[in-house]
């Protein structure tokens, strides 16, 4: 898996220079961006993950600079085991500044959705972003967007984590994604990479790998279906 991660990341760097951009993604694999839904639109996605789990999200562009929604994880939904249902989680994103030619756009918000809910402890094994802030800017080449952010998901410990990600949009058909997440304590850092395929203007599919270079944890393959609609 370490070799696979290196190959995917190398592809991202190697083919920079052949593409056009445009609209910023709302989120990537695990990392948010400063992109938001337009007012009057909505986004629904289904993330299929380990052991038959499905994570559903529904977000709305409730105001010009505000998105609001929720997420809901159900483990073992696909298969022959009894499903394990997590409580729904709130999502909020506000983008007060959309950026200029020289300045990045930035957004802040809250995402309570983690991964792998444990009903015994009433906690996610991998916590959600919690309160976050993120900066997004197209840099170096058309279509290459860089994201840098920080988040706090445990106010008892008051620890600040960081994340960074790059996405490369190729002719509005493909998007290569690489992200380094949960940056605080080295063994817990996660490197994720994947590909987003645009089926139509409103429908896309993500194929991604999570935690690709960890020595102590197994990597994970996920598939995500994204749809954007308008009222």
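The values are calculated or read from the model by the stated rules, or taken from the named source; none is laboratory data. Everything numeric here is computed off the predicted structure, so don't read it as measured data. Cβ coordinates were reconstructed from backbone atoms using ideal geometry, including for glycine residues, and neighbour counts include every protein chain displayed.
Figures for the structure shown
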item: Subset tally (residues that are surrounded by fewer than 16 Cβ atoms within 10 Å (Cβ to Cβ), touching a strand residue (DSSP E or B) at 6+ places or on another chain (Cβ under 7 Å) and part of a strand (DSSP E or B)) for segment 114-130; result: 2
item: Boolean, residue 221 is farther than 28 Å from residue 61 by Cβ and in contact with a strand residue (DSSP E or B) (Cβ under 6 Å, 6 or more places away or on another chain); result: yes
item: Residue ID - surrounded by the fewest Cβ atoms within 10 Å (Cβ to Cβ), chosen from residues in segment 161-194 that are more than 15 Å from the chain's Cα centre (by Cα) and touching a residue at least 40 places away in the same chain (Cβ under 8 Å); result: 171
item: Tally of residues being closer than 16 Å to residue 147 by Cα and either touching a helix residue (DSSP H, G or I) at 6+ places or on another chain (Cβ under 7 Å) or not in a strand (DSSP E or B) (or both) across segment 161-195; result: 7
item: Enumeration of residues in segment 86-113 that are in a strand (DSSP E or B), free of Cβ contacts under 8 Å to residues at least 24 places away in the same chain and over 19 Å from the mean Cα position of the chain (by Cα); result: 97
item: Enumeration of residues in segment 1-40 that are more than 19 Å from the chain's Cα centre (by Cα), at pLDDT 50 or above and surrounded by 15 or more Cβ atoms within 10 Å (Cβ to Cβ); result: 39
item: Only one of 62, 74 that is assigned to a strand (DSSP E or B), out of contact with any helix residue (DSSP H, G or I) (no Cβ under 8 Å at 6 or more places or on another chain), under 20 Å from residue 30 (Cα atoms) and in contact (Cβ under 8 Å) with a residue 12 or more places away in the chain; result: 74
item: Members of segment 150-160 that are buried (at least 16 other Cβ atoms within 10 Å of the Cβ) and either within 12 Å of the chain's Cα centre (by Cα) or in a loop (DSSP other than H, G, I, E, B) (or both); result: 153
item: Qualifying residue in segment 89-97 (condition: touching a helix residue (DSSP H, G or I) at 6+ places or on another chain (Cβ under 9 Å), at negative phi and surrounded by 17 or more Cβ atoms within 10 Å (Cβ to Cβ)); result: no
item: Selection status of residue 213, under 25 Å from residue 48 (Cα atoms), in contact with a helix residue (DSSP H, G or I) (Cβ under 7 Å, 6 or more places away or on another chain), touching a residue at least 24 places away in the same chain (Cβ under 8 Å) and surrounded by fewer than 21 Cβ atoms within 10 Å (Cβ to Cβ); result: yes
